[in-house]
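Q: First, the structure itself, so that you have it in front of you.
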Amino acid sequence: MGRLRHSVSVMTATETGASVSATPQIPVRLDFDTQAAGFARAMSHLDRAATKELDQAGIDPLLRELIRVRASQLNGCAYCIDMHTKDARAAGEAEHRLYALPAWRETPFFTERERAALAFTEDVTLLAGEHVPAAAYDAVAAQFEPGEVAALLALIVTINAWNAIGVTTRAWLPGSYQP
């Protein structure tokens, strides 16, 4: 995933994101990459395995980033939102689609296939509510072949795991990722 290792004691939030200000400071809770090095390596392997599945299934790289960004938005992972919006832009994603992603249902900017993948992302990410209802699964299965659904699920599970680590530990500084 290109996670950067940091030996910082605090993260700083900014209004513009362009510069770092002294307040407010958000403390790094745990240097996860150091304290759980074996698991961090396993997460990197998991990420590569999910990417391999996406490649084999022929899932569009732009859709991959939209899924990563949307799950990260739902989970409130500032580092991952920053990372994947940068990666999406670098891959050629349109600004207006990234801006509209939180309200994707209300815009004409996404294809039916993308809408199915985004809905599936939300259902899997928020699965405690309705446990991915049959109708939600059927909707994604109508747009994607079984291997594609499996690859999407691998991606969604992986980004949710990264988000859980990032939100819990605050180990990675938002704004520090460079594609």
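The values are calculated or read from the model by the stated rules, or taken from the named source; none is laboratory data. Just so you know, these numbers come straight off a predicted model, no measurement behind them. Note that each Cβ is placed from the backbone with ideal geometry, even for glycine, and that neighbours are counted across all protein chains shown. Note: accessible area is taken over every heavy atom of the protein model, side chains too, but ligands, DNA and RNA are not part of it. Shrake-Rupley method; radii C 1.70, N 1.55, O 1.52, S 1.80 Å.
Q: For region 53-165, report the accessible area per residue in Å² (1.4 Å probe, heavy atoms, rounded to an integer).
A: Computed with neighbouring chains in place, this is 44 Å² per residue.
Q: Taking Cα atoms, how many degrees apart are the long axis of helix 37-57 and the longest axis of the chain, rounded to 10 and kept between 0 and 90?
A: Once rounded, one gets 30 degrees.
Q: So I have [x] 10, 41, 34, 12, 2, 0; [y] 8, 23, 22, 19, 13, 8, 4, 2, 1, 0; [z] 9, 36, 35, 16, 3, and one of them is P(r) over Cα pairs in 10 Å bins from 0, in percent calculated from this model. Which one is it?
A: This structure yields the entry labelled [z].
Q: Could you give the angle, 0 to 90 degrees to the nearest 10, between helix 146-169's Cα long axis and the longest principal axis of the Cα atoms of the chain?
A: Relative to the chain, helix 146-169 is tipped by roughly 20 degrees.
Q: In degrees between 0 and 90, to the nearest 10, how far off the longest principal axis of the chain does helix 112-125 point, with axes built from Cα atoms?
A: 50
Q: Fully extended, how many nm does the chain gain between His96 and Ala161 (0.36 nm per residue separation, minus their Cα-Cα distance)?
A: Working: separation 65, 0.36 × 65 = 23.40 nm, distance 2.73 nm.
Gain on extension, His96 to Ala161, equals 20.7 nm.
Q: Only Cα pairs within less than 10 Å get springs; with that Gaussian network setup on the chain, which residue of Leu155, Leu118, Leu74 has the largest fluctuation?
A: Fluctuation is largest for Leu74.
Q: Would you be so kind as to identify which of His45, Phe110, Ala154 lies farthest towards the positive end of the dipole of the chain, taking Lys and Arg as +1 and Asp and Glu as -1 on Cβ and the Cα centre as origin?
A: Selected residue: His45.
Q: Please check: in the Gaussian network model of the chain (C-alpha springs, under 10 Å), which one of Asp87, Asp60, Asp123 has the largest mean-square fluctuation.
A: Asp60
Q: With the full set of protein chains in place, find how many percent of the accessible area of the chain is carbon and sulfur; take the probe as 1.4 Å.
A: 57
Q: Further question on the same structure: Go ahead and set up a Gaussian network model of the chain, Cα springs under 10 Å, then flag whichever of Ala119, Ala135, Ala100 fluctuates most.
A: Ala135
Q: Something else now. With Cβ to Cβ distances under 11 Å as the rule, what net charge do the other residues near Val132 carry (K, R +1; D, E -1)?
A: Result for the local shell: -4.
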